[in-house]
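Engineer: Have a look at this one.
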Amino acid sequence: ASEVVMYMAAGTDFAPNAKSRTTGVSIDDLGKEMMARVDAACKKGFPNIQKDHVANFLSYTGRVSLDLNAKSYRPTNELIDHYSTLKDLNDPEARFLEQLYFYYGRYLAISSNHELLAPNNLQGIWNNLSNAPWNSDIHTNINIQMNYWPTEITNLSDLHKPFVNFIIRGAQSEGWKQVGKQYNGGHGWSVLTESSLYNSMSTWGSNYLVANVWYTSHLWTHWRYTQDKEFLKQAFPVMWSCAEFWFHRLIQDRKVKDGTYVAPNEYSAEQPLQSEDATAHAQQMISYLFQNISEAIDILGADELGLTSEDIDKLNLYLEKTDKGLHIETYDGGWGTTYNGVKKGEP
């Protein structure tokens, strides 16, 4: 034989909207469904399957083009090595690598979200290990957010939906509400760093509670790019519940004592796990949430959203008094002098 063509089908009884997270289909019936797919694929034949696949993929990749007037004939590994030694980033091959990364990011976003109901986990659909690092979980402290950064801004808004829908469902789950009960007396919801498709989580990184705000920023971004008011109505209760979490968790600054509200015992994503009040990252994200909610109310109307005048007053108070995390650090003596025993170099 000069070639062998293998037809394979895989399926699952996972159902994200069902309480049990399963369709209830038996293993036997699921197996029959997969065999039917294989039979249909054999009948269609590889050339036609490939043709349809390429056309389908191009319907996503073809929505955006990026041309940096660059070219290179190096293999990718050599191109990366070349890039790391450059003095001039206007080098055509440097621009080519940046252009390649742009398209590669879109390729990963398309491949790992196309026609899928579940959001990306750490290794996406490429995990090859039974015992993967961090259990190949849904990692909330930047990883899943990065997976979806290419979607809205490169015209793949529909591929943002697996994550967006996961957030809306999760905020209604007992697992995420339990975090609100455990860390905040039952007000609102949050999610910890190591999370799962089933809205359960470990306690590792349990001081990174601002993950809920980062999640809601994806809802707001999806609204901004789609301008879909029905979606915003669906997303708003999730955003408001997240705000309720912070209305009750924020404290008045214990160090500066200027009456501003700060997040207690937070830390910045991917930094050493040292808890501090008022980390810039947490303050910026929380203030952003309050601003987004205020804009959403202006768009949809407080009455439409079932908000009272007391709700609006509370939001306005926290909008005004929450530290925005935008302070500029100053050093006595300027750059090159010693401040608290540390010598500072040029900015």
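The values are calculated or read from the model by the stated rules, or taken from the named source; none is laboratory data. Since we're looking at a predicted model, the values are computed, not measured. All Cβ positions, even for glycine, are placed from backbone atoms using ideal geometry, and neighbour counts span all protein chains on display. Calculation scope for accessible area: heavy atoms of the full protein, side chains included, ligands and nucleic acids excluded. Shrake-Rupley method; radii C 1.70, N 1.55, O 1.52, S 1.80 Å.
Engineer: Where does the chain land at 222 nm, in deg cm²/dmol rounded to the nearest 500, when only DSSP H runs of n ≥ 4 count, each adding -39500 (n - 2.57), divided by all residues?
Structural biologist: It lands at -16000 deg cm²/dmol.
Engineer: Given the pairs Lys177/Lys324; Lys255/Lys321; Lys161/Lys233; Lys19/Lys177; Lys257/Lys324, which span a C-alpha to C-alpha distance of over 20 angstrom in this model?
Structural biologist: Lys177/Lys324
Engineer: Specify the angular offset, from 0 to 90 degrees and rounded to the nearest 10, of the alpha carbon long axis of helix 46-61 from the longest principal axis of the alpha carbons in the chain.
Structural biologist: Approximately 20 degrees, to the nearest 10.
Engineer: If you don't mind, another one. If you average over every viewing direction, what projected area does the convex hull of the Cα atoms of the range 142-234 give, in nm²?
Structural biologist: 5.8 nm²
Engineer: Would you kindly find the accessible area of Thr76, with a 1.4 Å probe and non-protein molecules such as ligands, DNA and RNA excluded, rounding to the nearest 10 Å²?
Structural biologist: Using a 1.4 Å probe on the heavy atoms, I get roughly 70 Å².
Engineer: Would you work out what percent of the accessible area of the range 158-246, with all protein chains in place, is carbon or sulfur (probe 1.4 Å)? Could the numbers behind the result be given before it?
Structural biologist: Values: 1500 of 3180 Å².
Whole-percent figure for carbon plus sulfur exposure: 47.
Engineer: In debye, nearest 20, what is the charge dipole magnitude of the range 176-255 about its Cα centre with +1 on Lys and Arg Cβ and -1 on Asp and Glu Cβ, if you could check?
Structural biologist: Numbers: 8 positive and 5 negative charges, 39 e Å.
Using only the charged Cβ atoms, the result is roughly 180 debye.
Engineer: Protein chains only, probe 1.4 Å: how do Tyr208, Tyr198 rank by accessible area, largest first? Could the numbers behind the result be given before it?
Structural biologist: Values: Tyr208 0, Tyr198 135 Å².
So, going from the largest accessible area down, we get Tyr198, Tyr208.
Engineer: Spin-label point model (7 Å from Cα, Cβ direction): what's the Leu68 to Ser84 distance in nm?
Structural biologist: 1.8 nm
Engineer: State, to one decimal in nm², a quarter of the convex hull surface area for the C-alpha atoms of the range 272-320, i.e. the direction-averaged projected area. Kindly include the intermediate steps, with their values, before the conclusion.
Structural biologist: On the way: hull surface 17.0 nm².
Average projection, Cα convex hull of the range 272-320: 4.3 nm².
Engineer: How do 296-303, 283-290 rank on mean C-beta neighbours within 10 Å, highest first?
Structural biologist: On the way: 296-303: 13.8, 283-290: 21.8.
Per-residue mean Cβ counts within 10 Å order the peptides as 283-290, 296-303.
Engineer: Rounded to two decimal places and with Rh computed the Kirkwood way over Cα pairs, what is Rg over Rh for the range 33-122? Let's see the in-between values first.
Structural biologist: On the way: Rg = 18.4 Å, Rh = 16.2 Å.
So for the range 33-122, dividing Rg by the Kirkwood Rh gives 1.13.
Engineer: Order of 108-115, 218-225, 50-57 by packing, highest average Cβ count within 10 Å first?
Structural biologist: Top to bottom by mean Cβ count within 10 Å: 218-225, 108-115, 50-57.
Engineer: If you build a Gaussian network model of the chain, linking Cα atoms that sit under 10 Å apart, which residue out of Ser195, Ser309, Ser294 swings the most?
Structural biologist: Taking springs between Cα atoms under 10 Å, the residue moving most is Ser309.
Engineer: Report relative contact order for the range 144-228 in percent, whole number only (criteria: Cα-Cα under 8 Å, sequence separation at least 6).
Structural biologist: On the way: 88 pairs, mean separation 21.3, N = 85.
This gives 25 percent for the range 144-228.
Engineer: Hey, another quick one. Can you tell me the accessible area per residue over the chain, all protein chains present, probe 1.4 angstrom, in square angstrom?
Structural biologist: Each residue of the chain exposes 58 Å² on average to a 1.4 Å probe.
Engineer: With a/c under 1.5 counting as rounded, go ahead and sort the range 85-134 into rounded, prolate or oblate using the C-alpha gyration tensor (a ≥ b ≥ c being the square roots of the eigenvalues; past the cut-off, prolate if a/b is larger than b/c, else oblate).
Structural biologist: oblate
Engineer: For the chain, rounded, prolate or oblate, judged on the Cα gyration tensor with a ≥ b ≥ c (square roots of eigenvalues), a/c < 1.5 rounded, else prolate if a/b > b/c?
Structural biologist: oblate
Engineer: Shifting gears a bit: For the pair Lys255/Ser268, report the inter-label distance in nm, with labels modelled 7 Å from Cα in the Cβ direction.
Structural biologist: Once both label points are built, they end up 1.3 nm from each other.
Engineer: Determine the principal axes of the Cα atoms in the range 251-290, then give the extent along each, sorted from largest to smallest and rounded to whole angstroms.
Structural biologist: Computed over the Cα atoms, the extents are 29, 22, 11 Å.
Engineer: Indicate the gyration tensor shape class of the range 142-298 (rounded, prolate or oblate), computed on the Cα atoms with a ≥ b ≥ c the square roots of the eigenvalues: a/c under 1.5 is rounded; otherwise a/b larger than b/c is prolate and the rest oblate. Walk me through the numbers before you get to the answer.
Structural biologist: Numbers: a/c = 1.58, a/b = 1.38, b/c = 1.15.
Verdict is prolate for the range 142-298.
Engineer: Would you kindly find the accessible area of Glu320, with a 1.4 Å probe and non-protein molecules such as ligands, DNA and RNA excluded, rounding to the nearest 10 Å²?
Structural biologist: Only protein atoms counted, so the area is about 140 Å².
Engineer: Per the Kirkwood formula on distinct C-alpha pairs, the Rh of the range 193-233 is how many angstrom? Mind dumping the intermediate values first?
Structural biologist: Details: mean 1/r = 0.0839 Å⁻¹.
Hydrodynamic radius (Kirkwood, Cα pairs) of the range 193-233 is 11.9 Å.
Engineer: By how many degrees, 0 to 90 and rounded to 10, does the Cα axis of helix 309-321 deviate from the longest principal axis of the chain?
Structural biologist: Helix 309-321 and the main axis of the chain meet at about 80 degrees.
Engineer: Using all Cα-Cα distances in the range 234-322, what percent lands in each 10 angstrom bin from 0 up to the longest?
Structural biologist: 16, 47, 27, 10, 0
Engineer: Right, next: Regarding the range 1-73, what's the average projected area of the Cα-atom convex hull, expressed in nm²? It would help to have the intermediate numbers written out before the result.
Structural biologist: On the way: hull surface 39.3 nm².
Average projection, Cα convex hull of the range 1-73: 9.8 nm².
Engineer: How much accessible surface does Lys44 have with a 1.4 Å probe, in Å² rounded to 10?
Structural biologist: The value for Lys44 is about 90 Å².
Engineer: Using the alpha-carbon atoms, what tilt in degrees (0 to 90, nearest 10) does helix 161-170 show relative to the longest principal axis of the chain?
Structural biologist: 50 degrees
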